[in-house]
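Since the structure comes first, as C-alpha cells, the remarks are kept for the end.
Throughout, read-outs are computed from the coordinates displayed, never taken from laboratory work. Fair warning: this is a prediction, and the values are worked out from it, not measured in the lab. Every residue, glycine among them, receives a Cβ derived from its backbone with ideal geometry; neighbour counts consider all protein chains shown.
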C-alpha cells in the first residue's frame with residue numbers, strides 16, 4: 001500500500017494528470033462527478049489518487065484507473081506534506097500530483113473565507129465549480145453503479161434483527177467530524193421509532209450509550225451503502241455517507257447541526273433529487289453538537305479547526321462554528 005510519506009515513489013505517467021483527494025467522501029464524490037468535464041477542459045486523462053476507504057466511489061463511477069494512498073489530512077505532519085505538494089504543483093500539470101482541494105492552495109483561500117461567511121449563501125457544488133474553473137451550467141454526473149445487498153449481509157441482518165434488510169430502519173448517528181444530536185435528544189428521538197425494526201452501524205459504540213439496546217452491525221463502507229439503499233428508512237447525521245446514498249430519496253432523513261451547515265451542504269442542492277427529508281437541529285435543540293470524545297485530542301477534525309474559548313470547545317469549518325456542549 002502506498003503511503004503519503006513515500007508518495008514520491010509512486011510511478012506517474014508523464015501524459016496523465018494526477019488529482020489527489022485528501023478529504024471526505026463527499027469531496028471525492030463531487031470530483032468524480034466532474035471528472036469528465038475536467039478531462040475535457042484539460043485535454044487529458046485524470047488519474048484520481050484516493051484513500052483506500054474511498055475505493056468504493058471509484059467503483060460507483062466506473063473509474064478503473066486510480067492510485068490508492070494511505071493518508072490522513074487531519075494529522076499535522078501529513079497536512080504539511082499536502083501543503084508542500086500543493087506549493088510544488090499549484091495548478092494541474094501532466095505527470096505531477098495536484099492536491100485537489102482549495103485549502104492547500106493560497107490562490108483559492110478566498111473560497112474558504114467565502115464559505116465561512118453565511119451571508120454569501122455559498123453552496124458546496126458551486127464552491128467546487130469555482131475551484132475547478134467550471135461553469136455553473138456544468139452538470140454533476142451521477143454514479144453508474146450502486147452496491148447490492150449480498151446474501152451474507154442479508155443473513156447477518158436477519159440474525160441480528162429477525163427481519164429482512166428491506167424491513168429494517170437504519171439509524172446512523174456517527175460522523176467523522178462531528179455528531180449533531182446530544183445523547184438525551186437521541187434517546188427521545190429513538191423512542192419515537194418502532195424499536196423492533198431499528199438497526200445501527202456505529203464504530204465507536206462506547207460513545208453512544210443511548211444506542212446500547214439497538215443491534216449494532218459492523219459493516220464495510222460498501223455494505224453500509226448497500227444496506228442503506230435497500231432498507232426501509234435511514235435516519236442519519238449529515239456526513240459523507242449521505243452523499244453516497246442520496247438516491248434513497250424519500251426514505252432518507254438527514255439531520256444538520258446548524259442552519260449554516262445546511263445552507264452549504266444541503267443534499268438536494270448537490271444532487272437535485274426530490275423527496276429527501278432534511279432537518280436543521282438548531283431550530284429544535286439547544287445542545288447542537290456532541291464531538292466524539294476519542295477525536296477531541298486532535299488538532300483538527302477533518303476540515304474543522306480547533307479553538308478553545310474558556311471551558312467551551314469550538315470547532316469551526318471555514319469559519320462556521322460548531323460547539324461542543326456539556327452532555328446532560
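Here is the tail figure for the stretch 1-117: Cα pairs spaced more than 20 Å apart come to 39 percent of all pairs. How big is the gap, in Å, between the Cα center of the stretch 182-252 and the Cα center of the stretch 11-25? About 33 Å separates the Cα centre of the stretch 182-252 from the one of the stretch 11-25.
Please sort 46-54, 136-144 by packing, taking for each peptide the average over its residues of neighbouring beta carbons within 10 angstrom, highest first.
46-54, 136-144
Compare the peptides 204-212, 94-102 by average per-residue count of other Cβ atoms within 10 angstrom and give them in order, highest first.
Sorting 204-212, 94-102 by mean packing, highest first, produces 94-102, 204-212.
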